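Input: a single structure, listed below in structure tokens.
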Amino acid sequence: MEYRRYFGQAIDRLKAERRYRVFADLERDADRFPLATWRADNGAAQEVVIWCSNDYLGMGRHPRVIEAMTTAAQKHGAGAGGTRNISGTNHPLVQLEAELADLHGKDSALAFTSGWVSNLAAISTIAELLPNCLIISDALNHNSMIEGVRRSGCEKVIFRHNDVAHLEEMLIAAGHDRAKLVVFESLYSMDGDIAPVAEIAAVCKKHNAMTYVDEVHAVGLYGPRGGGICERENVMSQIDVIEGTLAKGFGTLGGYIAADSVIIDAVRSYAPSFIFTTALPPAVAAAAGAAVRQLKNSQEERTLQQRQVARTKTALAAAEIPVMANASHIVPVYVGDAELCKAASDILLEKHGIYIQPINYPTVARGTERLRITPTPYHTDAHIAALVDALRDVWRRLGLPFGATPQPAMMEALPKPHLKIVAAE
């Protein structure tokens, strides 16, 4: 059998659907972030401005974070030496988990190698350990949450995005005494909309359901100490499990959950993707801990970022660039076509030295393609002005419409959720 042919055909399908992804060769400049060096296929090097980094606060370049990482690497070496079951837990990782538990007001925390892994491991393990568990999941949950639901083998239903009344219908239909796990995000990163976390927590408590919230795009950025949307809304104590990442607001690498100590111990003891995975290296744990401590005690980074987000949204709206409105730091610019979205990204990079990755299916529904802009505290007013000029040029070149501010209802492009309980895939 000519195995190679099947892989080539799979790639050809992606290209035909305009979904083939190309990774830009970028080198971030820690001293001058958001500037970076882009190396094109022909080997030419060009300075560009990154406008789509998930290092939302620029903590990856913060002097205290870098110092913590280099000091730990010199003291402990580069790697962790193995899984925690084999090699023990390096002390910076113990300290990091204590910081995370304190951040969210929980008994304990558990760190993973990524936020994707923490969702997969925690959701699947928690649901599997509950008898006859029903998982009730928001329609726009992240792939990592969906995979956790699938991995659990439990029954599931999907409630309409951020629709608390629909969620309550499902909770009632399931019955008060059945084990129920409600999984949702606090901030959805593609549209930038924010969940009604207090209302969800209240209805789940009313109907005897566990709550699991993904705060990946909110930790570090919201709340008095960077605890996320749930801290800002003063409902952390009402949420059973809070999941977050160290790779976005905290600028490093890894994911985690924070919860009651018995939940953490159960996940630690049963989740294969935790048990059999090498631990975070001491240098990474130390850097992440430094970032968490910094953002617990400093408002400066959040204040500067929020100011530049507001200025970016205002400037784009004034230029009639179709920004999808939301109340978060995410700035989605609507395009609505995969090929045009990729073309816009290419022109921005090649002609204007601006890097913004196109967001196409399956990350978003077909017909809702967009450019996803994420201003940081280090994007200056001059950067914003240059971005606006560049986008206006791109819109003219591609014949894209000015002035519209569409709210593409992504739910209409998806199967309609209903009350029927179906087996997990």
Other-chain or far-sequence residues with amide H under 5 Å of Ile373's (modelled H): Val331, Val333
Proximal lysines to Lys342, defined as alpha-carbon separation beneath 16 angstrom and excluding residues fewer than eight positions away on the same chain: Lys15, Lys351
Simple Cβ-charge dipole of the chain, Lys/Arg +1 and Asp/Glu -1, about Cα centre, in debye nearest 20: 440
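If you rank Glu215, Glu99 by how much accessible surface each has, with a 1.4 Å probe, what is the order from largest down?
Values: Glu215 0, Glu99 40 Å².
Ranking Glu215, Glu99 by accessible area, largest first, yields Glu99, Glu215.
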Per residue value of the accessible surface for the chain (all protein chains in place, 1.4 Å probe), Å²: 44
Within the accessible area of the chain (1.4 Å probe), percent carbon and sulfur: 52
For the chain, calculated [θ]222 nm from helices alone, where every DSSP H run of n ≥ 4 adds -39500 (n - 2.57): -13000 deg cm²/dmol
Cross-link reach list, lysines versus Lys180, counting only Cα pairs under 23 Å and skipping chain neighbours closer than eight places: Lys106, Lys156, Lys205, Lys206, Lys416, Lys420
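FRET efficiency for Arg396 and Asn54, Cβ-Cβ distance as r, R0 = 35 Å, nearest 0.05?
With a Förster radius of 35 Å, E is 0.75.
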Selection from Tyr361, Leu348, Ala338, by position along the positive dipole direction of region 337-385 (Cβ): Tyr361
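Relative contact order for the chain using alpha-carbon pairs under 8 Å, separation at least 6, rounded to a whole percent?
Details: 858 pairs, mean separation 92.2, N = 425.
Relative CO of the chain lands at 22 percent.
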Reach of Lys296 by Cα under 13 Å, taken over aspartates and glutamates that are not fewer than 8 positions away in the same chain: Glu99, Asp102, Glu231
Estimated vicinal HN-Hα couplings, Hz - region 85-100 in sequence order (Karplus 6.51, -1.76, 1.60; Gly, Pro = x): 5, 8, 9, x, 10, 5, 4, x, 6, 4, 5, 4, 5, 5, 4, 5
Length-normalised contact order of region 164-300 in % [C-alpha pairs under 8 Å, at least 6 apart]: 19
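Can you put Lys106, Lys180 in order of accessible area, largest first, using a 1.4 Å probe?
Ranked list, largest accessible area first: Lys106, Lys180.
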Average Cα contact separation per residue, region 99-239, under 8 Å, 6 or more apart, as relative contact order %: 21
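The values are calculated or read from the model by the stated rules, or taken from the named source; none is laboratory data. Just so it is clear, the structure is predicted and the values come from calculations on it, not from any experiment. Cβ atoms come from the backbone with ideal geometry, glycine included; neighbour counts cover every protein chain shown. Surface areas here come from the heavy atoms of the whole protein model, side chains and all, with no ligands, DNA or RNA. Shrake-Rupley method; radii C 1.70, N 1.55, O 1.52, S 1.80 Å.
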